[in-house]
Amino acid sequence: MYSSILESGEQNPRWVNSTSLKPLFIITPKFAWEIQATVTCSKEHGLRVRVRSGGHDYEGLSYRCDVDFVVIDLINFRSINVDMEKETAWIESGATLGEMYYNIAKESRVHGYPAGLCQSVGVGGDFSGGGIGTMMRKYGLAADNIIDAELVDVNGRILDREEMGEDLFWAIRGGGASSFGVITAWKVKLVQVPPRVTAFTIHKKMDQEGKELVFRWQSIADRFPQELFLRVIVQNVVAHGYSVEAGPVEALFNSLFLGPKEELLAVMKESFPELGLQEQDCEEMSWIESVLYFYGGYKRGESLDVLLNRTDPFKGYFKAKSDFVQKPIPITALEGMTQRLSKKALVYVNIDPLGGRLDEIPETELPFPHRKGNLFNIQYFVKWKENSDMEANDRIDWMKELYDFMEPYVCQSPRSAYLNYRDLDIGNNLPGKSSYLQAKIWGEKYFKGNFERLATIKSRVDAENFFQNVQSIPPIS
Ligand SMILES: Cc1cc2nc3c(=O)[nH]c(=O)nc-3n(C[C@H](O)[C@H](O)[C@H](O)COP(=O)(O)OP(=O)(O)OC[C@H]3O[C@@H](n4cnc5c(N)ncnc54)[C@H](O)[C@@H]3O)c2cc1C
């Protein structure tokens, strides 16, 4: 029982059987008082706490720790109550994004929520780290649409927005809630979606024409109408259902348009005719079907019940890193990237356009600061199939080389990163620096100037640093 619960929630199998300590206890609470009791008892007995919602933390921080610890696994904390009259919903943290989208769609096909793409990701981690997705250009991040939350604090109290105060409420919406407490539930404002949306995916080889298209895309994608999300995935992967194998390097132009195909075709003809989008490339569907479309693998017409599957259907060993970009990457650098991708199997470079609603929200509004001025976000993602150190090191070394190569072309001073694509290599373990100064290095990459406000809030609400992990916000020392 213990092992099956522990392992079923480890969405990056890289950490299964790793040398890290195992939790002394795994608590699967059904009631908030059990979480309160776990926090209080753990504090009294000098144990650390790890909180797990969907278990997708890239570095396994929701279930790994190097001192004695307890995991609070929110698998039983996942009720979703939609209030259609007020267009709001209370969602418990252990629900997955798929469960959330499914339950909203059950009440209304013209409402949705702007959160992440993968249905097995947990609401707890996704919302508290920001939450980027196909509707962010229209409605912002998941965190931008949260209107209330319930948190168990370091003293075991349950606090809602009014009781926790605006500072702490600000911090947990993008600053990583694991530094501040255990979020039991979030209240969100639902957003309206049209009855018909349109999706398309166009594959282009990364030859000269492909590179020129990606180059052109970079200077227009953040300025498309807010209804249009057109991302690029440069990859060397061919998918057969849920299984993937190595293939030639290609660019996928993968898009969701919040409207019918005639409108999309007109927008594309006007703004990006070079892509040559044709009517037959476009698929109209309901917004909830587009959720299935975007996470690949599913066939059209498949039951929406697959959204309730809590395991990533593409689950595999992986390492990822991220960047934000403010100027188009030159074609020569795209060429260098393509060459590197052609040398390693199972690699994805996901390039998500920003702009739109994100540009309208000031960078201090929430801890996530990567707004106006940023054209797009890059996620470098490498997978492997065997659980071997040799294979892991080979892929990680390859990724570091690609990351170094990209440095001149991405956001500098600091080189930025997205908290939800957690990366322990960006500034931890710098010898000779205090833990606060070490944290400031990765903290400013994730949060820029908002890091100091997060640390100030941490000093006020958890001065003894009970809620800590290797990459949590420290109190100001
Ligand atoms: C396949 C895949 C696809 C993804 N797609 C997207 C995407 O489209 N958009 C996007 O923005 N991100 C995406 N992500 C990243 C994802 O948002 C983050 O990994 C997120 O942190 C995962 O949340 P979780 O609840 O599943 O993970 P967990 O491992 O459970 O938690 C992640 C972190 O949040 C903390 N935490 C979780 N729940 C709580 C809580 N209730 N209270 C306090 N702290 C908590 C954990 O302790 C941990 O530090 C993807 C990840 C994967 C693996």
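The values are calculated or read from the model by the stated rules, or taken from the named source; none is laboratory data. Bear in mind that the values here come from a model prediction, so they are computed numbers and not experimental data. Positions of Cβ are backbone-derived with ideal geometry, glycine not excepted, and every protein chain shown enters the neighbour counts. The protein model used for the area step is the full one, side chains on, heavy atoms only, and it has no ligands, DNA or RNA in it. Shrake-Rupley method; radii C 1.70, N 1.55, O 1.52, S 1.80 Å.
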Pull up the cross-link candidates among the lysines for Lys86, meaning alpha carbon to alpha carbon under 26 Å and not fewer than 8 places away within one chain. Lys106, Lys138, Lys187, Lys189
Rounded to the nearest percent, how much of the accessible area of the range 104-236 (1.4 Å probe, protein heavy atoms only) is carbon and sulfur? 45 percent
Accessible solvent surface per residue of the chain, calculated while the other protein chains remain in place, 1.4 angstrom probe, Å²: 40 Å²
Please report the accessible area of Asp305 (heavy atoms, 1.4 Å probe, ligands and nucleic acids excluded) in Å², nearest 10. 80 Å²
GluC sites (Glu not before Pro) restricted to the range 388-476 and DSSP loop, no more than 14 other C-beta within 10 Å: Glu464
Hey, which lysines would be in cross-link range of Lys344, C-alpha to C-alpha under 24 Å, not counting anything within fewer than 8 residues on its own chain? Lys204, Lys205, Lys211, Lys315, Lys319, Lys321, Lys383, Lys385, Lys400
Of Thr88, Thr332, Thr364, Thr311, which has the most accessible area and how do the rest follow, probe 1.4 Å? Thr332, Thr364, Thr311, Thr88
Anisotropy class of the range 76-192 from Cα gyration tensor, a/c 1.5 cut: prolate
Quick one: work out the % antiparallel among DSSP beta bridges in the range 1-149, nearest 5. 40 percent
Per-residue ellipticity at 222 nm for the chain, helices alone: DSSP H runs ≥ 4 residues times -39500 (n - 2.57), over residue total, nearest 500 deg cm²/dmol? -9000 deg cm²/dmol
How about the range 1-99: which chymotrypsin sites (Phe, Trp or Tyr not before Pro) there lie in a loop by DSSP and see at most 14 other Cβ atoms within 10 Å? Phe31
